[in-house]
Amino acid sequence: MCGIVAAVAQRNVQNILLEGLKRLEYRGYDSAGMAVRSPEGELVRQRAVGKVAALEARLEGSALPGLSGIAHTRWATHGRPSEPNAHPHQSRDRLAVVHNGIIENHEQLRRELTDQGYVFESETDTEVIAHLLERESRRDGDLLSAFQRVVAGLDGAYALGVMAVDEPDVVVGARKGSPLVVGVGIGEAFLASDPLALLPVTDRFIYLREGDVVRLSANGRIEIFDAEGTAVEREVQTFEHGDGAASKGEYRHFMLKEIHEQPAVIAAALEGRLGDRSVLVESFGPDAERLFQQVRQIHIVACGTSYHAGMVARYWLERYTGIPVQVEVASEYRYRQVVVPQGTLFVTLSQSGETADTLAALRFAMEQDNYLGSLGICNVPGSSLVREADLSLMTQAGPEIGVASTKAFTTQLTALMLFALALGRVRGMDEDEQAEIVAALRTLPALCSQVLGLDEAIERLSMAFAEKHHALFLGRGAHFPIAQEGALKLKEISYIHAEAYPAGELKHGPLALVDSEMPVISVAPNDELLDKLKSNLQEVRARGGELYVFADENVGLNASEGIQVLHLPHVHEALAPILYTLPLQLLSYHVAVLKGTDVDQPRNLAKSVTVE
């Protein structure tokens, strides 16, 4: 997804902007660019299609010195990847704009501006903003007031960074539906779409709220105005994760690093939330117990990997609370007539807290005025999701750089288990059963470390997939969504076509696909569905299918002709979906490495999907 970096400093900003863009590469993009106000008072710009390295090469031949500037990585939404479509966009060499998001009324604005003599050089929706600003700034010569008038007329989602040749050492920004943070320096100020971009220059940030406009000027002055134009103060927060979070360290890829971070981040997700025998309901907020007592039904709405987490949670919630649960894909949810029974809690999940479809679903749900309330489960404390939900729970995963979600998924599952137990406690769940699961949760990080110790064995297993083009994943009960997540991981980073089915559905169609060229992957925890799963696996083997099974060490499944078995340590049945996710992640990773794909930045995908 697009990325923004901007700076007003007491030094040359080119390298600050360039380093910020490199740290945003994980978001996915197709071009990059930078504009700086030169010492001669001119607006100078460089743009390039492809990686940030292409822009860096151009800057080596033609540097952009200056004390203020804006920069951008673009992920195409309007117009193909090309240099004219790359940001920043300019108007009559007087203004430059970088933009994340989509302007929905750009066609109408383009016609209006064309009639007024403005010439468009790109296919983007962003260029209309540059021309609108140029037009409005001629009224009173003030960039800030012109900017406020322009954003008032924009429909859609945006994060914006703007600079003008007539106002030295000034950058103006705004956010609506797309994240933007202010970096607070010493005599300097910065803007970015992600705090990771600015960690080399500051660890102090202001998370702008919906509709905020900000003006950065010389000596680090920061002025913030709300959606009504009123000057406001916003809290300065210290970034909790060290700069090393944006480095691969000893690992070849961010994805592998993040897979191996899971024992630590799961422990962090549990910290301070477990009592001796139960989950601390207060960890969901001061009003959580009162709200949970009123819950009679739950709607879980999410996208992608988070949707799979919600599917697992349905099994937990219905088992431990007796409350019916409905799980929805966020991009579909608000385009149908949703029936909301009395006492329904809206629950939504997002790693970034800025996922466009998820946020739109939350806002749509709250507009209905018939939900009991909302709970957001998220990884980013200052995100829109956290601010707009009634209750929130942080997953504590730390920054996740790889596009394919790993530790964000398992910490979401951990948070959802805490939610199920907290709600169960309020609704009279058996105390001994809760105490048993709480005790098991304390052992979960160590069990995850044991599974990660199987890395080399899984790497050897992955060699059988290097030349395959299709794969089938099987699971039963709460492990069917885990099979779905395993299939998603394999397809998104190795580009192998993979599908998941409930194992009991094999005979209703998928068995027609099974042959020696279709590897079948299954998870086999020690639960009440084990015997049925074993029968399903025999159906595959009887038809010549090659089976790869991740099985509990106590289930009695052993390798034989056509069946590869990797044993996992025994885990409490309730927590098995979390543990069995890890070997599927490692399998997908090693297959992708063997196939030579771009593991951290798979083609056509972006990390934070902030457009619908």
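The values are calculated or read from the model by the stated rules, or taken from the named source; none is laboratory data. This one's a predicted model, so the numbers in the text were calculated from it and none came from an experiment. Positions of Cβ are generated from backbone atoms using ideal geometry, with glycine treated the same way; all protein chains shown enter the neighbour counts.
Computed quantities for the displayed model
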quantity	calculated
Filter result for LEU461 (more than 12 Å from TYR548 (Cβ to Cβ) and touching a residue at least 60 places away in the same chain (Cβ under 8 Å))	no
Qualifying residues in the range 294-321 (those that are part of a loop (DSSP other than H, G, I, E, B) and modelled with pLDDT of 95 or more) - the one surrounded by the most Cβ atoms within 10 Å (Cβ to Cβ)	VAL295
Subset of the range 138-162 that is small (Gly, Ala, Ser) and surrounded by 24 or more Cβ atoms within 10 Å (Cβ to Cβ) - its residue that is farthest from HIS72 (Cα to Cα)	ALA159
Which numbered condition GLY509 fails, given (1) modelled with pLDDT of 90 or more; (2) more than 23 Å from HIS572 (Cα to Cα)	(1)
Residue pairs meeting the criteria (Cβ under 8 Å; at least 6 apart or on separate chains; first surrounded by fewer than 18 Cβ atoms within 10 Å (Cβ to Cβ), in the range 208-219; second at pLDDT below 90 and part of a strand (DSSP E or B))	GLU210/LYS176; GLU210/GLY177; GLY211/LYS176
So VAL451, is it in contact with a helix residue (DSSP H, G or I) (Cβ under 8 Å, 6 or more places away or on another chain), more than 30 Å from LEU547 (Cα to Cα) and either touching a residue at least 40 places away in the same chain (Cβ under 8 Å) or among the hydrophobic types (A, V, I, L, M, F, W, C) (or both)	no
Candidates GLU354, GLU328, GLU318, filtered to the one that is more than 27 Å from VAL181 (Cα to Cα), of a type in the set (D, E, K, R) and under 23 Å from the mean Cα position of the chain (by Cα)	GLU328
Subset of the range 184-199 (residues that are outside any loop (DSSP other than H, G, I, E, B), surrounded by 24 or more Cβ atoms within 10 Å (Cβ to Cβ) and in contact (Cβ under 8 Å) with a residue 60 or more places away in the chain)	ALA189, PHE190, LEU191, ALA192, ALA197, LEU198
Positions within the range 463-487 being among the aliphatic types (A, V, I, L, M) and assigned to a strand (DSSP E or B), in sequence order	ALA471, LEU472, LEU474
Search result, residues across the range 195-214 that are under 16 Å from GLY173 (Cβ atoms), β-branched (Val, Ile, Thr) and over 22 Å from the mean Cα position of the chain (by Cα)	THR202, VAL213, VAL214
Any chance ARG427 is under 27 Å from LEU196 (Cβ atoms), surrounded by fewer than 23 Cβ atoms within 10 Å (Cβ to Cβ) and in the same structural domain as GLU261 (by TED's automatic domain parsing)	no
Matching residues in the range 301-356 - criterion: being among the aromatic types (Phe, Trp, Tyr) and under 24 Å from ALA483 (Cα atoms)	TYR307, TYR315, TRP316, TYR320, TYR333
Residue list for the range 488-499, restricted to those being of a type outside the set (D, E, K, R), outside any helix (DSSP H, G or I) and closer than 19 Å to ALA309 by Cα	ALA498
Selection within the range 69-121 - within 26 Å of ASP194 (Cα to Cα) and among the small types (Gly, Ala, Ser)	GLY69, ALA71, ALA76, GLY79, SER82, ALA86, ALA96, GLY101
Boolean, LEU605 is more than 30 Å from ALA330 (Cβ to Cβ), modelled with pLDDT under 80 and either surrounded by fewer than 17 Cβ atoms within 10 Å (Cβ to Cβ) or aliphatic (A, V, I, L, M) (or both)	no
Residue within the range 271-289 that is under 25 Å from SER449 (Cα atoms) and either at pLDDT 95 or above or hydrophobic (A, V, I, L, M, F, W, C) (or both) present	yes
Hey, GLU282 among the charged types (D, E, K, R) and buried (at least 19 other Cβ atoms within 10 Å of the Cβ) or not	no
The range 140-169: number of residues that are touching a Ser or Thr at 6+ places or on another chain (Cβ under 8 Å), assigned to a helix (DSSP H, G or I) and more than 12 Å from ARG94 (Cα to Cα)	1
Checking ALA483 against (1) under 13 Å from ALA592 (Cα atoms); (2) in contact (Cβ under 8 Å) with a residue 24 or more places away in the chain, the condition it does not meet	(1)
Residue check, ILE70 closer than 19 Å to GLY20 by Cβ, hydrophobic (A, V, I, L, M, F, W, C) and in contact with a Leu (Cβ under 8 Å, 6 or more places away or on another chain)	yes
Residue in the range 116-127 that is closer than 19 Å to VAL213 by Cβ, surrounded by fewer than 24 Cβ atoms within 10 Å (Cβ to Cβ) and either outside the structural domain of ASP357 (by TED's automatic domain parsing) or not aromatic (Phe, Trp, Tyr) (or both) present	no
Index of the failed condition, VAL265 passing every other in (1) surrounded by fewer than 20 Cβ atoms within 10 Å (Cβ to Cβ); (2) under 23 Å from the mean Cα position of the chain (by Cα); (3) under 21 Å from VAL438 (Cβ atoms)	(1)
Of residues in the range 102-130 being of a type in the set (Val, Ile, Thr) and closer than 16 Å to HIS72 by Cα, the one modelled with the highest pLDDT	ILE129
